[in-house]
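Colleague: Below is a structure I'd like to ask you about.
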């Protein structure tokens, strides 16, 4: 039984790695990774994002498989809209932080600039980051929650895909688990790769680094707005008969 199911489980792992490359996933982690200072932290972000994504897949996707739950179109579209709003919020937050940093940079000629520079990065952060930024739990929790939101949008699609190929729900849950493991591995590779240009520009030019981070934030806002429009208007989320195809 295991030997016959192995190709299917391997497929789940492979598709999970490919799933990590979806545009909304890459854009979200690129916005977050733009702030990190080391490859190790970037890999941690990817791992925690993948873990959050997998937890949601296991809970919702497993419930669909084991208990035959049906996700109504309004609910499915609302979960996808949550991803769009999260992308807008992430990008907007980072643009605000960059604008704050640019305004602070204009005062570099002042007598107090040297003292301000010693902990200047703290003034670019929101109050939550300033209070909890040194906590490993907080650093891990943010990408975990982002992964949870992405998992909400993708769980129904993954479960429905499994239902078409696996008859035994237990093997279906195993498929979802390996799909999640593949997503974790794929996202760690992506965050590691994304961290390279941000680390490179940070070490050589703060202006170039900020410009690159701004591009990532603008893309996050723009793509989030596009998704929100497509879900709300194109798919008719707020109409009586929404059109939703899990994917």
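The values are calculated or read from the model by the stated rules, or taken from the named source; none is laboratory data. The structure presented is a predicted model; accordingly, all values stated were derived computationally and were not measured. Every residue, glycine as well, gets a Cβ built from its backbone with ideal geometry; the counts of neighbours run over all protein chains shown.
Listed here are the residues, each with its yes/no results for (1) modelled with pLDDT of 85 or more; (2) part of a loop (DSSP other than H, G, I, E, B).
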site: 161; (1), (2): no, no
site: 167; (1), (2): no, yes
site: 177; (1), (2): yes, no
site: 181; (1), (2): yes, no
site: 199; (1), (2): yes, no
site: 207; (1), (2): yes, no
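Colleague: Scan region 79-87 and tell me whether some residue there is surrounded by fewer than 19 Cβ atoms within 10 Å (Cβ to Cβ), in contact with a helix residue (DSSP H, G or I) (Cβ under 7 Å, 6 or more places away or on another chain) and closer than 26 Å to residue 235 by Cα. Give the steps one after another, and end with the answer.
Modeller: Going residue by residue through region 79-87, those that are surrounded by fewer than 19 Cβ atoms within 10 Å (Cβ to Cβ) are 82, 85.
Going one step further and asking which of them are in contact with a helix residue (DSSP H, G or I) (Cβ under 7 Å, 6 or more places away or on another chain), we end up with 82, 85.
Cutting the leftovers down to closer than 26 Å to residue 235 by Cα gives us 82, 85.
Checked region 79-87: at least one residue is surrounded by fewer than 19 Cβ atoms within 10 Å (Cβ to Cβ), in contact with a helix residue (DSSP H, G or I) (Cβ under 7 Å, 6 or more places away or on another chain) and closer than 26 Å to residue 235 by Cα.
Colleague: Check whether at least one residue in region 100-109 is within 22 Å of residue 33 (Cβ to Cβ), out of contact with any strand residue (DSSP E or B) (no Cβ under 9 Å at 6 or more places or on another chain), modelled with pLDDT under 50 and surrounded by fewer than 18 Cβ atoms within 10 Å (Cβ to Cβ), and report yes or no.
Modeller: No, region 100-109 contains no residue that is within 22 Å of residue 33 (Cβ to Cβ), out of contact with any strand residue (DSSP E or B) (no Cβ under 9 Å at 6 or more places or on another chain), modelled with pLDDT under 50 and surrounded by fewer than 18 Cβ atoms within 10 Å (Cβ to Cβ).
Colleague: Restricting attention to region 124-139, and to residues there that are touching a helix residue (DSSP H, G or I) at 6+ places or on another chain (Cβ under 6 Å) and surrounded by fewer than 16 Cβ atoms within 10 Å (Cβ to Cβ), which single residue is modelled with the highest pLDDT? Give the steps one after another, and end with the answer.
Modeller: Restricting attention to region 124-139, the residues satisfying the condition of being touching a helix residue (DSSP H, G or I) at 6+ places or on another chain (Cβ under 6 Å) are 124, 130, 132, 138.
Checking which are surrounded by fewer than 16 Cβ atoms within 10 Å (Cβ to Cβ) leaves us with 130, 132, 138.
Working: 130: 51, 132: 47, 138: 57.
Of everything passing the filter in region 124-139, 138 is modelled with the highest pLDDT.
Colleague: Restrict the check to region 11-24 and report whether at least one residue is at pLDDT 90 or above, within 13 Å of the chain's Cα centre (by Cα), surrounded by 16 or more Cβ atoms within 10 Å (Cβ to Cβ) and assigned to a helix (DSSP H, G or I).
Modeller: Yes, region 11-24 has at least one match.
Residues are listed down the side, and each one gets a yes or a no for (1) assigned to a helix (DSSP H, G or I); (2) touching a helix residue (DSSP H, G or I) at 6+ places or on another chain (Cβ under 9 Å); (3) within 18 Å of residue 213 (Cα to Cα):
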| position | (1), (2), (3) |
| --- | --- |
| 26 | yes, yes, yes |
| 36 | no, yes, yes |
| 44 | yes, yes, no |
| 47 | yes, yes, no |
| 50 | yes, yes, no |
| 54 | yes, yes, no |
| 61 | yes, yes, no |
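Colleague: Any residue at all in region 58-73 that is surrounded by 15 or more Cβ atoms within 10 Å (Cβ to Cβ) and within 25 Å of residue 218 (Cβ to Cβ)?
Modeller: No.
Residue by residue, here is whether (1) more than 18 Å from the chain's Cα centre (by Cα); (2) in contact (Cβ under 8 Å) with a residue 40 or more places away in the chain; (3) exposed (fewer than 14 other Cβ atoms within 10 Å of the Cβ) holds:
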residue	(1), (2), (3)
175	yes, yes, no
181	no, yes, no
189	no, yes, no
202	yes, yes, no
205	yes, no, yes
228	no, yes, no
232	yes, yes, no
237	yes, yes, no
